Amino acid sequence: MLDFFRSNQATSFQTLLKLRLPFATPHIFAGFRISAAIAGIGAVAGEWAGAEHGLGILMLESRRNADLEICFAALFCLTTMSLLLYSIVLGCERWCTPPRKWKVRWAWGRITSKRRRFAFACFLISTLLTGLVSCQNKSHHSTRLLLDWLPNPNHVPLYAGIDKGYFAEEGIFLKLQKMHDSGSGISYLTSRQADLLLNHMPSIFKACERGAELKIVGLLVKQPLSGLIYTKTPEIRTSADLTGKILGYCLGGTDTTFLDYLLRDIAPAKKCNVNIDLVTALGTKSVDFIFGGFWNIEPAQLRSLGIETGYFEFKEFDVPNYYEMIILANDHTTQSEPEFINRFQRALQKSIDFCKTHPSEAFQAYLQQNPDKRRKTIAWELEAWEITCPLLADNQAVDFEDLESFHHWLLAEGFVSKPFDLQSLISQ
């Protein structure tokens, strides 16, 4: 056929339009069908990798919150959209390539077919252009604060401060970002993917030991919130009674030295790394107690699932006091300058004071900025908020003795291998 076209001195465009494109069309659509079949999965995976909103994020959050109804509904929507997209591609293929048995229509409709192919090409180009121009422009004036986890009652003061304009009054346009991998927060901060980070003192000290240059910008909670959370049974009265039980744990890395310290007087029958599925593991009775959750959050969530729990705080294991909720910045950045830190701390403390004075109004401000939460989730989060609110920091002063005593304890127990300058964490 190519020789025939060449012998008749057909142009390259004519060869493409009359020969190559018609013969290639079935293969092109075969590729489109494959793409349509996996497009939904690819979109969800992409959202998991870096998005903050979308169907994939809804699936992920509902699974972590043990909200199976929403999870299955999102899965149904994903399946329906994938089938619909596949059907659209299949319909376009049949429209652009009519069956050969319609010889009269095919001969008569050659011009129409050409227009169809042209329209189809325009459709593809416009789709690609739409994807390119739909990218949202990032604001250069906002301060990005990466949370330590999905939005929960620990974060209410931040949302309340934004809603009441306390941060804006200080010239700080705060933008909160969700975290889906609690162990990667400091990496996001040091790689400049966030301006501020909400994190915990043990992780901060380990990062500083490895050479990270960080600065404390604000304080939300000045005491440990972590502990060992267990399914309540009559025989468990002390932590030693957890011996022979199955432990489920979640760590930000592979280092289990801190967990091993807590288990000095406990001999679990089995230790399971359940990753982020702490609530699911305890809720399905796959494990008997968990490490990696907060005693002000997870028990309320588990109670909403009909599971009564108890917990042992770190102080019962002779762990010295440390700050659980700390807001950090990279050193040598605008956010680490004393002038910015002073403004941020004024706004944050105003937010905390408002939360303590008007806890219900603060919680409503939090819900308004997280409208996807269901009634069941709102109910247990309100219960958790009532526990959390009194724990919020009374002031933004960093007690150097708390930092020093915790640092010395980490060194003595071998959790960190070398000292670092604690004073570098505090703004002068």
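Side notes on the structure shown:
- Matching residues in segment 282-302 - criterion: being surrounded by 15 or more Cβ atoms within 10 Å (Cβ to Cβ), modelled with pLDDT of 90 or more and more than 17 Å from ASN154 (Cβ to Cβ): LEU282, VAL287, ASP288, PHE289, ILE290, PHE291
- For segment 386-428, the tally of residues that are outside any helix (DSSP H, G or I) and not hydrophobic (A, V, I, L, M, F, W, C) stands at 11.
- Conditions (1) under 20 Å from SER351 (Cβ atoms); (2) among the hydroxyl-bearing types (Ser, Thr, Tyr); (3) at pLDDT 95 or above; number of the one not met by THR231: (1)
- Taken as a whole, the structure places ILE276 among residues that are modelled with pLDDT under 95 and in contact with a His (Cβ under 9 Å, 6 or more places away or on another chain).
- Restricting segment 315-373 to residues that are acidic (Asp, Glu) and within 23 Å of the chain's Cα centre (by Cα), the residue that is nearest to ILE216 (Cα to Cα): GLU324
- Tally, over segment 279-312, of residues that are in a helix (DSSP H, G or I) and under 19 Å from THR243 (Cα atoms): 2
- Strands (runs of 3 or more DSSP E) enclosed by segment 147-253 - at least 1 residues per element that are within 16 Å of ILE326 (Cα to Cα), over 21 Å from the mean Cα position of the chain (by Cα) and touching a residue at least 24 places away in the same chain (Cβ under 8 Å): 214-221
The values are calculated or read from the model by the stated rules, or taken from the named source; none is laboratory data. From a predicted model like this one, the values you see are computed outputs, not experimental measurements. Backbone-built Cβ (ideal geometry, glycine too); neighbour counts: all protein chains shown.
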